[in-house]
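Everything below concerns the one structure shown next.
Derivation of every value follows stated rules applied to the coordinates shown; laboratory data play no part. Keep in mind the model is a prediction, meaning the values are calculated, not measured. When we count neighbours, we look across all protein chains shown, and the Cβ atoms used for this are built from the backbone with ideal geometry, even at glycine.
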Amino acid sequence: MIIAVDAMGGDYAPAEIVKGVVQAVNEGAEVILVGPEELVRSELKKFRYPPSAITVRPADEIISMAEHPATAVRRKKNSSLVVATRLVKDGEAAAMISAGNTGAQMAAALFTLGRLPGVERPGIATVFPSPKGPKVLIDSGANVDTKANHLIQFAYLGSCYARQVLGISNPRVALLSVGSEPTKGTEAVIEAHQALAEKGDLRFIGNVEGRDFLTADVDVIVCDGFIGNIALKLTEGIVSTLTGLIRDELKRNPLRMLGGLLVKPAFSDLFRKLDYAEYGGAPLLGVQGLSIICHGSSRARAIKNAICFASKAVQEKLVESLSEGYDRHHEA
């Protein structure tokens with residue numbers, strides 16, 4: 001069960017990527033690190049790890065965050081992101097991970113791995129914490145323009161994913177919209193709502209509004225990638241800001257600092273639950289292989305957790321289960 005990791009993807013590559021890989025292999029993972037060989041090996045020299053657990057695969061080109069995704073993937077065949085994806089296609093790796101250009105990773109997955117039968121637009125499925133347990137948000141950034149049938153496909157993919165990954169036997173599915181009424185939202189949302197309500201083979205509960213994003217009693221939230229990415233990053237920003245404000249307030253005077261020491265374990269547990277790094281990465285659902293997308297600002301812990309998630313997904317045959325589950329719904 002070997003995981004291919006793009007060593008050059010992300011804001012802190014290659015240092016934090018390599019550090020996260022080392023942490024993962026020291027816990028039993030096997031990894032192919034893809035990137036400029038000399039640079040990657042110089043980073044690896046800083047750590048102790050089982051030598052046989054990490055293989056370096058040379059890839060001299062790098063796709064930057066600013067490059068046009070499809071153009072970059074076509075032109076840079078020897079980029080670390082494309083080579084890592086090709087390793088999955090060729091069977092040398094069971095999954096690939098990157099914190100680089102999301103659009104390029106999606107393009108590489110589509111061009112190299114291909115779509116699952118019946119899927120028009122793959123979507124990024126992000127698991128995020130909430131007071132009522134983890135939820136799946138799909139799509140969280142792969143598609144900025146979607147039609148009703150794409151939202152419907154996301155609903156089925158997200159439902160299959162929630163069953164497989166979160167262990168929810170009958171996931172509750174909702175559309176993210178500007179109102180709870182069936183007639184609220186864009187044309188695509190209204191049309192998707194009507195179709196999902198009529199199908200009856202999903203546990204579709206209707207619409208949820210933005211204010212209920214974290215508290216709604218649902219397991220899967222469906223939206224287009226433009227809205228999903230904003231909602232996710234807005235939530236991350238609020239959590240980060242509140243964390244900073246709470247810490248500043250607790251340091252204002254000695255009495256508060258003393259109280260802060262008493263509640264520190266509770267706050268630490270809470271902030272850890274709300275930290276995206278705990279989940280590591282999000283799979284691109286709907287392609288014929290495991291392509292795990294990490295946050296661009298991922299540091300070592302997020303990369304390590306993404307590798308652990310990828311290994312678990314391979315063990316549980318996530319792609320095969322998604323394909324079978326989606327096929328059953330699609331045929332119905």
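Quick look at the numbers
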| read-out | value |
| --- | --- |
| Semi-axis lengths, Å, the stretch 82-135, gyration tensor of Cα atoms, sqrt of 5 times eigenvalues | 25, 14, 11 |
| Across 77/317; 135/304; 132/199; 184/312, pairs whose alpha-carbon gap is larger than 32 Å | 184/312 |
| Residue exposure sequence - 223, 308 - by fewest surrounding Cβ within 10 Å | 308, 223 |
| Hz values of 3J(HN,Hα) by residue in the stretch 21-29 - Karplus curve (6.51, -1.76, 1.60), Gly and Pro given as x | 4, 4, 4, 5, 5, 6, 9, x, 6 |
| Partners for residue 251 among lysines (Cα-Cα distance below 20 Å; same-chain residues under 8 apart left out) | 264 |
| Computed label-point distance, nm, for sites residue 71 and residue 111 using a 7 Å Cα→Cβ extension | 1.3 nm |
| Relative contact order [Cα under 8 Å, 6+ residues apart], the stretch 1-49, whole percent | 48 percent |
| Estimated translational D of the stretch 44-134 in µm²/s (Stokes, Kirkwood radius over Cα pairs; 10 °C; 1.306 mPa s) | 105 µm²/s |
| GNM result for the chain, Cα springs below 10 Å: residue of 64, 140, 240 fluctuating most strongly | 240 |
| Bins of 20 Å from zero: percent of alpha-carbon pairs in the chain | 32, 55, 13, 0 |
| P(r) tail fraction, the stretch 139-199 - alpha-carbon pairs more than 20 Å apart, % | 28 percent |
| Zone of residue 60's modelled label, taken as backbone nitrogen in the stretch 21-45 under 18 Å from a point 7 Å along Cα→Cβ | 34-42 |
| Prolate/oblate/rounded call for the stretch 122-279, Cα gyration tensor, a/c under 1.5 rounded | prolate |
| Theoretical FRET efficiency, 1/(1+(r/R0)^6), r = Cβ-Cβ of residue 257 and residue 297, R0 30 Å, to 0.05 | 0.55 |
| Amide H contacts under 5 Å for residue 287, placed H, 5+ residues apart | 116 |
| Highest-fluctuation residue, 66, 107, 216 considered, GNM on the chain with Cα pairs under 10 Å | 66 |
| Where labels lie 7 Å past Cα in the beta-carbon direction, separation of residue 187 and residue 166 in nm | 3.1 nm |
| Residue-span extension gain [residue 243 to residue 46] - 0.36 nm each, minus C-alpha spacing | 67.7 nm |
| C-alpha center-to-center spacing [the stretch 1-16, the stretch 208-224] in angstrom | 31 Å |
| Value of relative contact order over the chain, rounded to a whole percent, pairs C-alpha under 8 Å and six or more apart | 23 percent |
